[in-house]
Amino acid sequence: MNEENMKYMKNKNNFNRVIRAELLFMPLLIVVPLIVGILLVHDWFTRGYLLNDSSFNSSLIIGIVVLVGNIIFDIPFIKSLKAMSSKKT
């Protein structure tokens, strides 16, 4: 048999499907952690800071870690996605 007939998927279709899947899940990967981090910081502010309760400080730390980690990893993800989608191999 011909080696090209033995391939599972052609590269061009596979590349387009991967880009399409990443574009589909991009709002989930970016927006949901941002919302969760903002809600954690807001929860600390309303329950911890305004009421002077130090038991909500862990909510602040987790919220900041989620926000900073999400920003650090999302910027390269968006840049690479833009580069790959404009490449169109």
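Read-outs: derived from the displayed coordinates by stated rules, not from any lab. For clarity, every value in this text was computed on a predicted model and none was experimentally measured. Don't worry about glycine lacking a Cβ; one is built from the backbone with ideal geometry, like all the others, and counts go over all protein chains shown.
The phi torsions of region 62-78, fed into the Karplus equation with coefficients 6.51, -1.76 and 1.60 and a -60° offset, translate into couplings of 5, x, 5, 4, 5, 5, 5, x, 5, 5, 4, 8, 7, 4, x, 5, 5 Hz, rounded to whole numbers, with Gly and Pro shown as x.
How high is the relative contact order of region 27-84? Use alpha-carbon pairs under 8 Å, at least six apart in sequence, and give a whole percent. Can you show the working numbers first?
Working: 39 pairs, mean separation 22.7, N = 58.
Relative contact order, region 27-84: 39 percent.
Once the chain from Ile75 to Tyr49 is taken as fully extended at 0.36 nm per residue, the excess over their C-alpha distance is 6.3 nm. Between Asn14 and Ala83, the modelled labels are 2.1 nm apart [label points 7 Å from Cα along Cα→Cβ].
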